[in-house]
1. Residue-wise, which Karplus ³J(HN,Hα) couplings in Hz belong to region 34-44, taking 6.51 cos²θ - 1.76 cosθ + 1.60, θ = phi - 60°, and x for glycine or proline?
2. Just reorder 17, 60, 101 by solvent-accessible area, largest first, 1.4 Å probe, all chains present.
3. Determine how large the accessible area of residue 95 is when every protein chain is in place; take a 1.4 Å probe and give Å² rounded to the nearest 10.
4. Give the peptides 35-42, 115-122 in descending order of average Cβ contacts within 10 Å, highest first.
5. To the nearest 10 square angstrom, how much accessible area does residue 8 have with a 1.4 angstrom probe?
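The values are calculated or read from the model by the stated rules, or taken from the named source; none is laboratory data. All values reported here derive from a predicted model rather than from experimental measurement. Cβ placement follows ideal geometry from the backbone for every residue including glycine, while neighbour counts extend to all protein chains displayed. Areas reflect the complete protein model, heavy atoms only, side chains present, ligands, DNA and RNA absent. Shrake-Rupley method; radii C 1.70, N 1.55, O 1.52, S 1.80 Å.
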Amino acid sequence: MSPSKKKTILQALTGSYGDLARHVVRRFRDRADADDVIQDTYLQVRNIPPDVPIENPQAYLFRMVNVAIDHVRRRNAQDRHLSPAEVVGSGAVPVDRVIDYHQLLAALDRVIADLPSRQREVFLMHKFDGLSHSEIAAKLGITRERSPLGQRRLS
């Protein structure tokens, strides 16, 4: 990527900052997590190698933001399920339990990544952000309807 191309990406970041910030803030209850995602995105943009071609800088930025959101959600979920002693590996937890956890987390990441984008967003908002189905429906401007089995679902 030429310096002018990088400048275009930085211009896209500054020009889209409000949209990016709103996009991120909608997905977190904690403003600090949202700020971390925006900061991480900025740092990534600054570190893009010069030879990377980017056709649509704004779309590229939103993809970078979504990856950072997933990373923060994963980190927050891990923090909720493992104590600091377990994460550090102080020996208080058997190694096989930590390995099993990481394998399950990797499998869950693969399953979530394979979901259609809207379903993935709803799933993450419910399971990782702790939002109710009603809260999710209100945030995304969608309705809750009954499935053929009589269960309520978001659509």
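1. In residue order, the calculated couplings are 4, 5, 4, 5, 5, 5, 4, 5, 4, 5, 5 Hz.
2. So the residues, ranked largest to smallest area, are 17, 60, 101.
3. That residue has around 100 Å² of solvent-accessible surface.
4. Packing proxy ranking, top to bottom: 35-42, 115-122.
5. 60 Å²
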